[in-house]
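What follows is a single structure, written as structure tokens, with notes after it.
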Amino acid sequence: MKRTSVAAAALLSSIVVGGWMAPAHALTTDEAKKIAMDAYVYGYSLVTTEVTRVQMTNVDKADGLHSPMGQFGNVKRYPPADYRGVSAPNADTLYSLAWMDLDKEPWVFSHPDMGDRYFLFPTYDLWMPVIASPGSRTTGEKAGNFLMAGPGWKGKVPAGMTRIDVPTRYVLILGRTYANGTDKDYAEVNALQAQYDLRPLSAFGKSDYVYQAPAVDPNPGYSMTDKPQQVILGMGTEGYFNRLATLMCHDAPPAAEDAPILAEMAKIGLEPCKPFSLSTLGADTAAALKDLPQQALDFLGKNESTMGVEKNGWVFAQVGAYGTDYVKRAVVAAFGWPANLPQDAVYPYTMADKDGHPLNGANKYTLTFAKGQEPPVNGFWSITMYEIDQGWWFVPNALNKFTVSPRDHLVPNADGSVTLYFQNESPGKDKEANWLPAPKGAFLPMIRMYWPKEKDPSILNGTWLPPQIVKVD
């Protein structure tokens, strides 16, 4: 994706008529409000990602999903049953996260030979789309070296490296490595994680390279612990737009395809590299835009359904690439930051049974895959159980079992079909391999399907759909 230069972005701020620069007409308050809302939504993924970057990297050492710039932070175990950090945690893969600053030179990411273990390293720019997906699906299991080249870099790529062009100054890798949850397997995955390497291109191949963490900023300008949504609300309208204009100036130049909305934004004085002031819009308009941050967040909440479509009672998210669908991009930033490409992973979920009634642990349910009709994937699949309580959380249970999948050695029925049991109490010892413990109240199952097969039946084209959940009388 090509990015505009600052000069090109500035050019878009004017309207050319017959070869002459036409002065912008005076906007009504309603016109300014619409442009401001569109601009706020347009920039939400960028501001959210930048806030998240600072919160994740403004630390002195790596600890889980927090690590200094240029260093991996590795999660070494699945979250415990009482974890209440990030909503919808997973118990299939261990995360490895790293941010890099490409302003001075490219960085190189390396991983060892992964054997037959599934892995994925989706890579994101500051605007939040997936720009590359090194891993089992795309690059294979052999050891790999990937050069992250920032905007405008014209150097030579060393032999044996795969170049990834990054259109923004900062880049994120949010890796996932499959683990089955046993101590033995954790140890094997942790050994692989210890070999995930980052270094500047100038240090590649040098055995004496020593990583030095940047100094922690004692005053980064906002809370390091509040959720990004709250941090952004605290910026206010003027603060938000000024931060957006600054980010677009150098760190994250807009894409060429964004020219139309940049021209609209210029009408309210919002342009890359230029300070923004509500006062230039007049007192009435300034007053009308005072509550824009909350109004925009409410708007995104009402559009949360745009992240997916319902098929056979299950909601399928369609995210990871956005083009000029700024609303969907902003919704994902607000409620699902970031996201995988569907070619890498699909996570349908449901809140209702076959008859449309809400799922509740006071009842017993089954889900049956016909013979040979389990999810068609090249990677793996599982179903995770979440209780719904101001977020989606693991369900504490005696078996400490949060997912059900083939690794549980599922027991088939006589006809070769496989029935799974979603209920609070054990369905019996002979069925516990196929049991996914539910809470006593409302719950939500989510199917995780990594590396969906492309040929029919396919998850990607809808020729395969999960069966509906049936309440057992």
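Only the coordinates and a few stated rules stand behind these numbers; no lab work does. From a predicted model like this one, the values you see are computed outputs, not experimental measurements. Here the Cβ positions follow ideal geometry from the backbone for every residue, glycine too, while neighbour counts run over all protein chains shown.
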Work out from phi, with θ = phi - 60° and the Karplus expression 6.51 cos²θ - 1.76 cosθ + 1.60, the ³J(HN,Hα) of each residue of the range 360-372, listed in order in whole Hz, and give x for Gly and Pro. 8, x, 6, 10, 10, 9, 10, 10, 10, 8, 4, 4, x
Net charge around Asp344, counting only other residues with Cβ within less than 14 Å of its Cβ (Lys, Arg = +1; Asp, Glu = -1)? +2
Could you pull out the pairs from Lys371/Lys440; Lys401/Lys431; Lys61/Lys184; Lys76/Lys440; Lys34/Lys302; Lys33/Lys290 whose alpha carbons sit more than 20 Å apart here? Lys371/Lys440; Lys61/Lys184; Lys76/Lys440
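Give me the percent relative contact order of the chain, please, defined on Cα pairs under 8 angstrom at least 6 residues apart.
So the answer I get is 17 percent.
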Say a paramagnetic label sat at a point 7 Å from the Cα of Ala259, along Cα to Cβ; which residues of the range 120-153 have their backbone N under 20 Å from it? 152
Please give the helix 326-335 orientation as an angle from the longest Cα principal axis of the chain, in degrees from 0 to 90, rounded to the nearest 10. 60
Spatial separation of Cα centroids for the range 254-300 and the range 310-345, in angstrom: 25
Taking 7 Å along the Cα-to-C-beta vector as the label spot, tell me the Asp473-Asn190 distance in nanometres, rounded to one decimal. 5.2
0 to 90° range, to nearest 10: angle between helix 183-193 axis and the chain longest Cα axis: 30
What FRET efficiency, computed as 1/(1 + (r/R0)^6) with R0 = 60 Å and r the Cβ-Cβ distance, is obtained for Asp116 and Ser277, rounded to the nearest 0.05? 0.55
Taking a spot 7 Å from the Cα of Thr28 along the direction of its beta carbon, which residues of the range 288-302 have an amide N less than 11 Å from it? none
